[in-house]
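Undergrad: Please find one structure pasted underneath; my questions will follow.
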Amino acid sequence: MRRGYIRVSGKKQNIGRQLKGLEGRCDRLQVERLSAKTVAKRPVFKKMIETLQPGDVLVIWDLDRAFRSAEDAIVHERLLRERGVKIEVLNDAIDTSTAQGNRDFQTRAVGAEFERRIISERTLEGLKVARRAGSKFGRPPKMTKRKTLNAMRALEAETHNIKELGERYGVAPWTITRAINRLEQATC
């Protein structure tokens with residue numbers, strides 16, 4: 001049986017490219033919408049791997065959709081081969097049932113891991129440059145500096161308690177406490 005596996009990292013990501021590549025080439029397709037580094041944390045893939053039988057073929061479009069590291073790919077390929085299961089990577093025309101296909105699989109696995117690491121390093125470098133230039137990332141704080149100062153004054157004057165201030169600003173009391181602590185640390 002030819003079992004196709006499609007994975008995207010998020011629920012909103014499109015599976016179209018992989019689906020188009022695997023359509024008509026598999027007896028069954030499994031789709032997983034999850035970003036996880038290990039097979040153990042990808043339940044659809046883990047179950048599929050466990051249920052593959054001798055003579056079955058695991059069909060994937062790209063190597064990095066099934067395996068997150070070279071070691072992960074090589075270990076799973078060996079374990080599957082020992083069980084009589086081969087892997088086909090359609091986008092790279094790799095078939096692990098041959099010695100050359102096995103070599104190509106391992107070479108591509110190392111190359112894919114290298115690509116991921118390069119992208120990660122470049123992304124981190126870009127974020128560092130952007131931070132040095134003053135860019136802010138993430139969601140803006142719920143409590144602005146002005147709101148935090150007003151809350152501090154109200155607490156010092158004892159005109160409002162923390163719960164009342166939370167209701168006034170539409171936030172949880174601990175959000176106000178954290179904002180005050182951040183502001184105090186920044187002024188130290």
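Undergrad: Under a crude label model (7 Å from the Cα following the beta-carbon direction), how far is residue 131 from residue 11 in nanometres?
TA: Between residue 131 and residue 11, the label points sit 3.0 nm apart.
Undergrad: A further question on this structure: Relative to the compact-globule scaling 2.2 N^0.38 Å, provide the ratio for the alpha-carbon radius of gyration of the chain.
TA: 1.59
Undergrad: Can you spot the lysines whose alpha carbon is less than 17 Å from residue 47's alpha carbon? Ignore those fewer than 8 places along the same chain.
TA: 37, 86
Undergrad: How much length would be gained if the chain were fully extended between residue 81 and residue 186, taking 0.36 nm per residue of separation minus their Cα-Cα distance, in nm to one decimal?
TA: 32.0 nm
Undergrad: Could you tell me which of the pairs 11/142; 11/46; 20/128 are separated by over 29 angstrom between their Cα atoms in the structure shown? If you can, show how the numbers build up before the last one.
TA: Values: 11/142 27 Å; 11/46 19 Å; 20/128 38 Å.
Over 29 Å apart, Cα to Cα: 20/128.
Undergrad: Which one, 142, 47, 128, has the greatest fluctuation when you compute a Gaussian network model over the chain with C-alpha springs under 10 angstrom?
TA: Result: 142 has the largest fluctuation of those listed.
Undergrad: So, one more: List the aspartates and glutamates whose Cα lies under 12 Å from the Cα of residue 145, skipping any in the same chain that are fewer than 8 positions away.
TA: Filter leaves 184.
Undergrad: Suppose the Debye formula is applied to equal point scatterers at every Cα of region 19-127; what is log10 I(q)/I(0) at q = 0.13, 0.23 Å⁻¹?
TA: -0.49, -1.45
Undergrad: If the reach is capped at under 25 angstrom between alpha carbons, list the lysines near residue 147, excluding any in the same chain fewer than eight residues apart.
TA: Leaving aside lysines fewer than 8 places away in the same chain, those within reach of residue 147 are 136, 163.
Undergrad: If you don't mind, there's one more thing I want to ask. Which value, in debye to the nearest 20, describes the size of the charge dipole of the chain about its Cα centre when Lys and Arg Cβ atoms bear +1, Asp and Glu Cβ atoms bear -1, and nothing else is charged? Numbers along the way, then the final one.
TA: Details: 40 positive and 24 negative charges, 158 e Å.
In debye, rounded to 20, the chain gives about 760.
Undergrad: Separate question: Simple spin-label model, 7 Å along Cα-to-Cβ: residue 99 to residue 1 in nm?
TA: It is 3.3 nm.
Undergrad: Go through 185, 107, 130 and say which Cα lies farthest out towards the positive end of the charge dipole of the chain; charges sit on Cβ, +1 for Lys and Arg, -1 for Asp and Glu.
TA: It is 185.
Undergrad: Right, something else. For region 43-114 and region 158-188, what is the separation of their Cα centres, given in Å?
TA: Region 43-114 and region 158-188 have Cα centres separated by 53 Å.
Undergrad: Nothing charged except the Cβ atoms of Lys and Arg (+1) and of Asp and Glu (-1): what's the magnitude of the dipole of region 145-187 about its Cα centre? Round to the nearest 20 debye.
TA: Details: 8 positive and 5 negative charges, 51 e Å.
Once rounded to the nearest 20, the dipole reads 240 debye.
Quick note: the coordinates plus some simple rules give every number you see, no bench work behind them. Since we're looking at a predicted model, the values are computed, not measured. So basically every Cβ, Gly included, is an ideal-geometry build from the backbone, and we count neighbours across all protein chains shown.
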